C-alpha cells in the first residue's frame, strides 16, 4: 500500500467517524482549533492530512491514530517453520528475521542413541546462549567439562573450543540463541563443584 493510497482513504474515514459521533464540522472545529474549511477539505480529500491535524482529530474523536489512518492490522506473528534434523539432533526454528540472533528449540537424542556422535570441540565466529528445558546437557568448553540440569543457562563466545550433547538416557531439550559475535545474554551457568 503506497503513502498516497493510505492518505487517500483518510478523508472518508474522518467523515465516517465524525458522523458516527453525531457531531458537526463546527463543533469539531471548536474543540480542535482546526477551521471548518480545513476539516471539510480533509474529509473530501482536497487536503492531505498532516500528523498535527490527525493527532488533534484522534484526540477529539477518541480513536487511535492508526484507526484514522487505516493501517492494515498486524500480520500473523506465529512462526510456521519446519524442524530441521542435523547429526541426529532436531532444531525447531523459533525466529525468522534475517541478520538477528537465531532462536531454536533444540532436542538432543539420549546418550545411548548417539554412539558415534562427534565430540570434538569446534570454534567459529559468534556467541551462543542456551537454556536447559529438560534432560541433562553435557557442555565442554575448552578445559571445562560439566553437566547442566533443567533451569540452568550458559553463554559463551564460540571462538572458544566447545561441544555439547545429551548427558543422560533421556532426550535433552534446550532453548538456544545463536547470535553474532558480541551478542550477549545475562545468565551464566557455573560448573558444578
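Provide the gained length on full extension for the span residue 84 to residue 50, in nm with one decimal, where the gain is 0.36 nm per separating residue minus the Cα-Cα distance. Each step should come with its number before you reach the end.
Details: separation 34, 0.36 × 34 = 12.24 nm, distance 4.85 nm.
Extra length available between residue 84 and residue 50 comes to 7.4 nm.
For region 88-174, the alpha-carbon radius of gyration amounts to 1.07 times the rule-of-thumb value 2.2 N^0.38 Å expected for a compact globular protein. Note that region 3-69 shows a convex hull volume over its alpha carbon atoms of 70 Å³ per residue. Restricting the calculation to alpha carbons of region 39-94 gives Rg and Dmax of 22.2, 67 angstrom. Packing, taken as the mean count of other beta carbons within 10 Å per residue, orders the peptides 53-59, 22-28 from highest to lowest as 53-59, 22-28.
Label separation (residue 62 vs residue 30): 1.8 nm, computed from points 7 Å beyond Cα along the C-beta direction.
Extending 7 Å from Cα along the Cβ direction at residue 16 and again at residue 143 yields two label points whose distance is 7.1 nm.
Distance between the 7 Å Cα→Cβ label points at residue 40 and residue 159: 7.0 nm.
A short reminder: the numbers here are calculations on the coordinates, not readings from a lab. Because the structure is predicted, anything quoted here is derived from the model rather than measured. Every residue, glycine as well, gets a Cβ built from its backbone with ideal geometry; the counts of neighbours run over all protein chains shown.
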